[in-house]
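The values are calculated or read from the model by the stated rules, or taken from the named source; none is laboratory data. This structure is a prediction, so every number in the text was calculated from the model and none was measured. Positions of Cβ are backbone-derived with ideal geometry, glycine not excepted, and every protein chain shown enters the neighbour counts. Side chains are part of the model used for accessible areas, which takes the heavy atoms of the whole protein and leaves out ligands, DNA and RNA. Shrake-Rupley method; radii C 1.70, N 1.55, O 1.52, S 1.80 Å.
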Amino acid sequence: MTYNKKSVADIDVAGKKVLVRCDFNVPIKDGIITDEKRIVGALPTIKYLVEKGAKVILCSHMGRPHNVFNEKLALDKKEKKKIEALPEEEREAATAAALEKAKGDVKKLSLKPVADRLNELGVKTTLCADVIGPDAQAKAAALKDGEVILLENVRFHAEEEKNDPAFSQALASLAEIYVNDAFGTAHRAHSSTAGVAAYLPAVCGFLIEKEISVMGKALDDPKRPFVAILGGAKVSDKIGVINNLIEKVDTLIIGGGMAYTFFRAMGSPIGSSICEEDKLDLALDMMKKAHDKGVALLLPVDNVIGREYREDTTFMRIYSDAIPDGWMGLDIGEKTQELFSKSLIGAGTVVWNGPMGVSEWPNFASGTRAVAKAVAESGAISIIGGGDSAAAVEQLGYADQMTHISTGGGASLEFLEGLELPGIACLQDKD
Ligand code: AMP
């Protein structure tokens, strides 16, 4: 996949209807948006289009609603199966209850709070009552230059996630140009993230442009030394990333729960630490590969251990990588923090995905904090994969000091794995 994609700045958008796929899937509690990063992140592209006199049609998903705008498909397969398994006399009532619940989702997962927030942030936005229905069609047709509408939650149609061609075409028929700026869903081949590109000239927004230029450069032509830090719960989630990065990095640091699978593979005692027994051979293979390629592979040398997997469990530091029975490793220890931090001094590029311990719990957050500090102070081009590591860096207050914090968890992992992301592959290449 080439990372050299055309962006909104490379095409003429004045007076054109532009369908912009954003990632407005923000957390909402009691009708209040609790984290508006994704909305703020979408503003540069939206404001640019408004300033250039485009007719802007915003579109996004929110959560995982039922399919509420297509009567025939109103209940998803799982639900239909559940109902079919019931005694016949109960099915009618169960169907009615399920449809009622689906209707409730319209309210709960409506994009109304997003439209309200966009208005407060200075983008005058009108919310449509549907996605491809009469209201959206009428509002799109009536758009004047520089005006903005927001379609309702695109996942109110089950066809969206099926990348249904008729649905993609209906979406596309609202506009003349497609802009994808939703990196968080770029690894999904859905109608609004990829399907529409079959019917419209397709380019990226500024958010995706930044994601692919920073991460693409790091993978293709990194400033060296190139250090990857991988953590998190499981080796199995990161196999693809390790495999791809081991070909490119100078140093590979492994911390977090996944380190214990490596220790177990080497025969070191790990107590009741998280471990994937079926990945022991794989861990040994990775170690051999690193050795053969001359990649320095760093594992923890000491740990913070706890009795149980609980926030308030009894815990202590041990100055060894061997964990006694009845204890589990929940964070890297101080010597390891020092070792990992030292290896970051002078790094040219650092890519980090996955916390060093159970960083959601204060007693087990210091390893992740120390690594965040070391990455921030390294002066390297620093790229933080989305999801837990991004949340940890933000929560610990180091966000401003990183070069790039990816807005996509799954998408950034797939990017680091070297996989083709359908939402990016479908966009036009630069000439
Ligand atoms: P991931 O989504 O794979 O990046 O994993 C993130 C999760 O890994 C977080 O929820 C952490 O709590 C968890 N994690 C990190 N270290 C450990 C550990 N030593 N034991 C259990 N879970 C861990």
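What to note about this one:
- For residue 212, the conditions (1) more than 21 Å from residue 52 (Cα to Cα); (2) in contact with a Ser or Thr (Cβ under 9 Å, 6 or more places away or on another chain); (3) open to solvent by less than 30 Å² (accessible area, probe 1.4 Å) are fulfilled apart from (2).
- Filter pass, residue 356 being surrounded by 14 or more Cβ atoms within 10 Å (Cβ to Cβ) and in contact (Cβ under 8 Å) with a residue 12 or more places away in the chain: yes
- Looking only at region 346-363, and only at residues there that are among the aliphatic types (A, V, I, L, M) and under 14 Å from residue 376 (Cα atoms), the one that is nearest to the ligand (Cβ to nearest atom): 351
- Cβ-Cβ under 7 Å pairs, at least 6 apart or on other chains, region 36-55 side polar (S, T, N, Q), far side in a helix (DSSP H, G or I): 45/8; 45/206; 45/207
- Long-range neighbours under 7 Å by Cβ, at least six apart or interchain, first residue closer than 14 Å to residue 23 by Cα and in contact (Cβ under 8 Å) with a residue 24 or more places away in the chain within region 386-413, second within 12 Å of the ligand (Cβ to nearest atom) and not in a loop (DSSP other than H, G, I, E, B): 386/409; 386/412; 406/384; 406/390; 406/412
- Residue ranges of helices (runs of 4 or more DSSP H) in region 1-115 with at least 2 members at pLDDT 95 or above and within 28 Å of residue 425 (Cβ to Cβ): 37-51
- Filter result for residue 220 (in contact with a Phe, Trp or Tyr (Cβ under 9 Å, 6 or more places away or on another chain), open to solvent by 20 Å² or more (accessible area, probe 1.4 Å) and within 27 Å of residue 424 (Cβ to Cβ)): yes
- Matching residues, region 220-235, being within 14 Å of the ligand (Cβ to nearest atom) and either of a type in the set (Asp, Glu) or on the phi < 0 side of the Ramachandran plot (or both): 228, 229, 230, 231, 233, 234, 235
- Put simply, of 233, 189, 141 the only residue that is surrounded by fewer than 24 Cβ atoms within 10 Å (Cβ to Cβ) and more than 30 Å from residue 352 (Cβ to Cβ) is 141.
- Check on residue 280, more than 16 Å from the ligand (Cβ to nearest atom), more than 17 Å from residue 225 (Cα to Cα) and surrounded by fewer than 22 Cβ atoms within 10 Å (Cβ to Cβ): yes
- Scanning region 377-392 for residues that are modelled with pLDDT of 90 or more and either surrounded by 21 or more Cβ atoms within 10 Å (Cβ to Cβ) or within 15 Å of the ligand (Cβ to nearest atom) (or both) returns 380, 382, 383, 384.
- Residues in region 389-411 that are small (Gly, Ala, Ser), touching a strand residue (DSSP E or B) at 6+ places or on another chain (Cβ under 7 Å) and part of a helix (DSSP H, G or I): 389, 390, 399.
- The residue of region 238-277 that is nearest to the ligand (Cβ to nearest atom), among those that are without any contact (Cβ under 8 Å) to a residue 40 or more places away in the chain, buried (at least 18 other Cβ atoms within 10 Å of the Cβ) and hydrophobic (A, V, I, L, M, F, W, C), is 275.
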